[in-house]
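Undergrad: Before I ask anything, let me first share the structure, which is written out below as structure tokens.
The values are calculated or read from the model by the stated rules, or taken from the named source; none is laboratory data. All values derive from a computational prediction rather than experimental measurement. Don't worry about glycine lacking a Cβ; one is built from the backbone with ideal geometry, like all the others, and counts go over all protein chains shown. What goes into the accessible areas is simple: the full protein's heavy atoms, side chains included, and nothing from ligands, DNA or RNA. Shrake-Rupley method; radii C 1.70, N 1.55, O 1.52, S 1.80 Å.
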Amino acid sequence: MMTTTSKRSDRLDLRPMLTEQMVLELVPISRTTLFRLERAGKFPRSVYVSPNRRFWFRDQVVAWQTAINDNDERNPKRGRGKGRRRRAA
């Protein structure tokens, strides 16, 4: 006979997975930006569990968030982007 605690301990070995909707609730970016970051290698890769279903491992997303916090790019001393070109007078 299997007890509830032994069933729980079996499930603890699994890595929790997040759906796209769950990731977008945790990370305040658009769906398009999520896939652009993933394609550029700046966000953890998703895993396909079927041809139309993809998931992200929660621990990888949390590690990405921690890395973003540690390397905050909103440093006021960083250089600005190119911006708009000046018009010729």
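Undergrad: Return the total of residues in the range 21-73 being assigned to a strand (DSSP E or B) and open to solvent by 80 Å² or more (accessible area, probe 1.4 Å).
TA: We begin by selecting, within the range 21-73, every residue assigned to a strand (DSSP E or B); these are 47-50, 53-57.
Next cut, open to solvent by 80 Å² or more (accessible area, probe 1.4 Å) only: 48-49, 53.
So the answer is 3.
Undergrad: Give me the pairs: first residue in the range 24-41 and under 15 Å from Gln60 (Cα atoms), second residue among the charged types (D, E, K, R), beta-carbon distance under 7 Å, and six or more apart or on different chains, which are they?
TA: Going by the 7 Å Cβ cut-off, the qualifying pairs are Leu24/Arg31; Glu38/Arg45.
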